[in-house]
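Student: One structure coming up, written as structure tokens, with questions to follow.
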Amino acid sequence: MCNIAKSIRMLCTNCQKQTDSDALFCNFCGFEVKPSKLQKVLSVGRGHGNDIVLDFPQISYEHALLIKDENGWTLEDRNSANHTYVNDRSVPVFRKKISLDDTIFFGSYKIAASRLLGLKKDTTFLGRFAPLSISIKEGETIFGRDPKAAVHLNYPQISWHHAKLVYTKNGFYLEDLGSTNGTFVNGKRVKSSYVTPKDVISFGSFAFRVTEDFKIVQRDYRGDIRIDAEEITVTVPPGKTLLDKVSLSIFPSEFVGLMGPSGAGKTTRVFSASVHEFPSNVGLESVIQK
């Protein structure tokens with residue numbers, strides 16, 4: 001899910017903190033602000049308090065800032081877990097000028113700068129799976145692989161009875177039911193926790209939010225997996241090199257084909273990047289992955 005909030009904040013050029021766009025003085029340092037002393041700033045992240053919301057698991061809650069001044073747009077990383085890249089995914093950036101022709105990566109999430117900067121203010125869905133709205137049942141709502149569960153999640157990461165959600169006088173109460181892979185609220189594993197519409201509940205590749213009208217909004221992230229293979233080298237006796245420091249990245253939803261003549265190393269490349277199992281007649285001597 002992706003949307004831009006209607007409010008616009010500015011960046012004080014004296015202390016580099018966000019302040020109200022209509023303020024006469026900076027809210028933090030008291031510096032007198034004028035139109036020429038302010039920069040337009042938009043926050044980007046998975047948290048719904050951001051100006052641009054990119055609701056994908058590889059994106060941090062507060063991932064980056066887009067800053068506009070008289071010289072154009074600048075992209076600034078906010079110490080995100082999976083980093084920010086411009087065009088080249090081998091070099092993370094902290095602060096960099098961008099143009100409409102650039103390609104931006106927030107972790108493994110790839111988006112054209114022209115698309116990011118041209119997003120409308122209404123809600124726009126960008127993921128592969130549309131959110132589902134599920135009514136919360138009276139008493140308790142069970143999440144699990146059990147077909148009889150109120151929220152049936154047929155996926156190996158999910159336990160038979162994974163967790164339950166109960167509405168109490170104090171609000172929604174979430175409890176893990178001894179699941180193998182855990183129950184998470186806002187990215188932190190919990191045994192039990194009260195949750196609000198602002199919180200993200202996740203089990204495996206599924207994410208949920210409760211709503212004030214007693215519904216659960218479900219988001220399915222299955223398939224949002226990036227495969228990175230870096231500098232793979234494969235040699236066979238008597239020291240012949242089949243692959244020499246070959247790198248490859250496959251992004252979510254991409255379909256990739258390996259093409260080449262017989263003996264070019266296509267099968268070796270696929271096996272070395274996935275399960276490390278080779279045909280018995282290859283005579284593998286060494287596989288080096290850095």
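Student: Identify, please: which residue in region 228-241 is open to solvent by 60 Å² or more (accessible area, probe 1.4 Å) and modelled with pLDDT under 75 and is, among those, nearest to F56 (Cα to Cα)?
Tutor: Ranking the candidates gives E230 first.
Student: A follow-up question, please. Kindly indicate the residue of region 181-197 that is out of contact with any Gly (no Cβ under 8 Å at 6 or more places or on another chain) and of a type in the set (K, R) and also nearest to V151 (Cα to Cα) among those meeting that condition.
Tutor: Among those residues, the one meeting the criterion is K191.
Student: If you don't mind, there's one more thing I want to ask. Answer with yes or no whether F206 is surrounded by 13 or more Cβ atoms within 10 Å (Cβ to Cβ), hydrophobic (A, V, I, L, M, F, W, C) and at pLDDT 75 or above.
Tutor: Judged against the criteria, F206 is a match.
Here is a yes/no grid of residues against (1) crowded, with 21+ Cβ neighbours inside 10 Å; (2) more than 24 Å from the chain's Cα centre (by Cα); (3) under 15 Å from F208 (Cα atoms):
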site: P147; (1), (2), (3): no, yes, no
site: Y155; (1), (2), (3): no, no, no
site: H162; (1), (2), (3): yes, no, yes
site: V166; (1), (2), (3): no, yes, yes
site: Y173; (1), (2), (3): no, yes, yes
site: T180; (1), (2), (3): no, no, no
site: G187; (1), (2), (3): no, no, yes
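Student: Taking the criterion of being charged (D, E, K, R), more than 19 Å from the chain's Cα centre (by Cα), part of a loop (DSSP other than H, G, I, E, B) and modelled with pLDDT under 80, would at least one residue in region 259-277 satisfy it?
Tutor: Looking through region 259-277, at least one residue is charged (D, E, K, R), more than 19 Å from the chain's Cα centre (by Cα), part of a loop (DSSP other than H, G, I, E, B) and modelled with pLDDT under 80.
Student: Next question. Within region 151-193, which strands (runs of 3 or more DSSP E) (wholly inside it) include 1 or more residues that are of a type in the set (G, A, S) and at negative phi?
Tutor: The qualifying strands (runs of 3 or more DSSP E) are 163-168.
Student: Hey, could you check region 90-116 for residues that are among the hydroxyl-bearing types (S, T, Y) and outside any strand (DSSP E or B) and say which is nearest to I67 (Cα to Cα)?
Tutor: Out of the qualifying residues, it is S99.
The values are calculated or read from the model by the stated rules, or taken from the named source; none is laboratory data. Just so you know, these numbers come straight off a predicted model, no measurement behind them. Cβ coordinates were reconstructed from backbone atoms using ideal geometry, including for glycine residues, and neighbour counts include every protein chain displayed. When the accessible area is computed, the model is the full protein with side chains, heavy atoms only, and any ligands, DNA or RNA have been set aside. Shrake-Rupley method; radii C 1.70, N 1.55, O 1.52, S 1.80 Å.
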